[in-house]
1. Kindly indicate which of L86, L67 is open to solvent by 10 Å² or more (accessible area, probe 1.4 Å) and over 17 Å from the mean Cα position of the chain (by Cα).
2. For the subset of region 352-377 comprising residues that are among the hydrophobic types (A, V, I, L, M, F, W, C) and over 16 Å from T180 (Cβ atoms), which member is modelled with the lowest pLDDT?
3. Please go through (1) of a type in the set (K, R); (2) modelled with pLDDT of 95 or more; (3) open to solvent by 50 Å² or more (accessible area, probe 1.4 Å); (4) farther than 22 Å from V241 by Cα for R111 and return the number of the only condition it doesn't satisfy.
4. Considering each residue of region 136-157, count those that are more than 21 Å from S206 (Cα to Cα) and either open to solvent by 10 Å² or more (accessible area, probe 1.4 Å) or under 14 Å from the mean Cα position of the chain (by Cα) (or both), and give that number.
5. What's the number of the condition D293 fails, among (1) more than 25 Å from the chain's Cα centre (by Cα); (2) free of Cβ contacts under 8 Å to residues at least 60 places away in the same chain; (3) at positive phi?
6. Criterion first (among the acidic types (D, E), under 18 Å from the mean Cα position of the chain (by Cα) and either part of a helix (DSSP H, G or I) or surrounded by fewer than 20 Cβ atoms within 10 Å (Cβ to Cβ) (or both)) does E32 satisfy it?
7. State yes or no: is A374 assigned to a helix (DSSP H, G or I), over 20 Å from G99 (Cβ atoms) and touching a residue at least 24 places away in the same chain (Cβ under 8 Å)?
Amino acid sequence: MRIPAPQISSFNPPRRTLMGPGPSDVPQRILEAMARPTIGHLDPAFSTMMEETKALLRYAFQTENKLTFPVSGPGSVGMEMCFVNLVEPGDKVIVCVNGVFGGRMVENVKRTGGIAVVVEDAWGTPADPAKVAAAFAANPDAKLLAFVHAETSTGAQSDAAALAAVAGRHGALTIMDCVTSLAGTPVLVDEWGIDAAYSGSQKCLSCTPGIAPVTFGERAVAKVRARKTPVQSWFMDLNLVLGYWSGEGKRTYHHTAPINPLYGLHEALRMLAEEGLEAAWARHRAMHEKLRDGLETLGLGFVVAEAARLPQLNSVYIPAGVDDGAARSRLINEFNLEIGAGLGALSGKIWRIGLMGYSARQGNVDYCLKAVKAVVG
């Protein structure tokens with residue numbers, strides 16, 4: 001007996017206002033770009049778009065690194081690409097952990113056979129460069145420093161320039177997570193001396209999830225070429241994927257790229273270039289300040305001190321007597337508004353309100369404050 005075909009209607013998602021930790025609202029212009037005709041991933045026209053995307057990403061990262069391109073996969077794949085290529089078995093890596101995503105870096109070091117030296121700071125505070133310096137003093141053979149520039153689990157921003165400077169003084173490479181910071185707050189890869197960085201398409205770039213921009217500097221590339229062991233992942237081996245993304249000579253087949261989502265990323269990066277990085281950073285800051293003032297008027301206190309606070313990811317303590325799950329359910333069901341819950345030790349204690357990319361606009365701020373006021377009484 002054959003299994004009958006299920007009778008399922010087309011999926012029509014509800015219209016939400018996305019103000020969580022990601023994804024952010026996607027503007028119609030990007031959705032329309034993704035609806036354009038699909039062509040082959042080796043098509044000459046697609047190759048031209050790939051080169052434009054790489055140039056636009058260099059602008060977003062503020063780098064001249066030739067090896068700057070979008071990885072087919074979410075930000076977690078970008079993270080893994082950095083670690084599987086740059087960490088060999090036995091390599092000692094100093095990892096800053098001040099939230100969930102620093103912890104994921106530790107897991108990546110372990111899975112590549114590296115040795116993780118953990119530098120811990122309290123959740124909601126930035127990574128401390130002095131602690132990192134002490135870790136290098138105690139581990140002079142450490143080859144890399146890994147840190148999260150913008151910790152999505154708390155909304156804390158670390159001083160990437162200071163951390164990279166410590167690594168540089170000890171001859172170590174740097175891996176930086178800028179998933180939540182890219183295009184929302186300054187990310188200056190070349191100026192800061194960052195060797196490898198990764199981000200995501202669904203945060204301040206306001207594209208759909210599933211693409212991870214990455215950039216590798218010359219020192220990072222040299223380390224990959226000098227490896228004594230093969231990269232443990234075939235899919236993420238830079239030596240293989242570059243045959244497709246390098247643009248030097250004939251492209252070689254590596255995998256079928258997500259063609260239409262890449263149209264969307266291309267358009268998102270064009271929009272960023274049209275607005276200008278400085279203007280985008282200023283917009284995120286201005287909207288944060290308006291949201292901050294409104295939330296504080298409602299009696300919601302921030303988790304992160306103002307000096308280290310990310311404008312695009314606002315973590316606030318849930319008021320006493322307010323049930324986390326019930327309140328967020330009301331926001332979804334009554335207001336079609338999504339905000340984020342706390343993670344790990346902060347689960348049930350905080351809300352994470354995103355102002356990322358297209359979501360960072362006055363209408364969203366006003367609507368969010370109105371809705372939050374209704375659920376906190």
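The values are calculated or read from the model by the stated rules, or taken from the named source; none is laboratory data. Keep in mind that what you see is a predicted model, and the values were worked out from it rather than measured. Positions of Cβ are backbone-derived with ideal geometry, glycine not excepted, and every protein chain shown enters the neighbour counts. For the accessible areas, the whole protein counts, side chains as well, though only heavy atoms, and no ligand, DNA or RNA atoms are used. Shrake-Rupley method; radii C 1.70, N 1.55, O 1.52, S 1.80 Å.
1. Testing whether each residue is open to solvent by 10 Å² or more (accessible area, probe 1.4 Å) and over 17 Å from the mean Cα position of the chain (by Cα) leaves just L67.
2. V376
3. Only one criterion is unmet by R111, namely (4).
4. 7
5. Only one criterion is unmet by D293, namely (3).
6. No.
7. yes
Yes or no, residue by residue, for (1) under 24 Å from Q28 (Cβ atoms); (2) open to solvent by less than 20 Å² (accessible area, probe 1.4 Å):
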{"site": "Y198", "(1), (2)": "no, yes"}
{"site": "C204", "(1), (2)": "yes, yes"}
{"site": "C207", "(1), (2)": "yes, yes"}
{"site": "G217", "(1), (2)": "no, yes"}
{"site": "V221", "(1), (2)": "no, no"}
{"site": "W234", "(1), (2)": "no, no"}
{"site": "L242", "(1), (2)": "no, no"}
